[in-house]
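Reading through the structure tokens given below for one structure.
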Amino acid sequence: MSLDTPRAEPRLERLTAHEARQRLEHERATRLTQLRAIDEAGQEAAEQLMSAQKDTIERVLKEIDAAFARVQDGSYGICQGCSTPVPVERLEILPYTRFCVPCQRNAA
Ligand SMILES: [Zn+2]
């Protein structure tokens, strides 16, 4: 993506449900692939290193499922901290996020 080519129109405030689902599907597929790779590795030496990563991946998968539910009930893209729309640029990077950046910082 290049910064010196301005977009013809401003971006929509929110991802469409279709866009959100596509991004969430992609995130889920990526995590499932990672999980499978870890399961297949299965060697003792790798296990400790992998288990932390596996926990993280499983946590993200839960977040992705929760985000699918929010697409379904129409609350997707609304910050759960301050109830304002999460910027679309953030959703493009982190489509399963529950929070805008300031609320994420407060939650962390
Ligand atoms: Zn917020």
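Every number in this text was worked out from the coordinates using simple rules, so none of it is lab data. Nothing here was measured: the structure is a model prediction, and the numbers come from that model. Neighbour counts run over all protein chains shown; Cβ positions are idealised from the backbone, glycine included.
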Go through (1) surrounded by fewer than 18 Cβ atoms within 10 Å (Cβ to Cβ); (2) touching a helix residue (DSSP H, G or I) at 6+ places or on another chain (Cβ under 8 Å); (3) among the hydrophobic types (A, V, I, L, M, F, W, C) for CYS100 and report which single condition fails. (1)
On the basis of being free of Cβ contacts under 8 Å to residues at least 24 places away in the same chain, more than 23 Å from GLN34 (Cα to Cα) and among the small types (Gly, Ala, Ser), does SER83 make the cut? yes
Check whether at least one residue in segment 21-29 is surrounded by 13 or more Cβ atoms within 10 Å (Cβ to Cβ) and touching a Ser or Thr at 6+ places or on another chain (Cβ under 9 Å), and report yes or no. no
Subset of segment 36-76 [within 16 Å of the ligand (Cβ to nearest atom) and either among the aromatic types (Phe, Trp, Tyr) or touching a Pro at 6+ places or on another chain (Cβ under 6 Å) (or both)]: TYR76
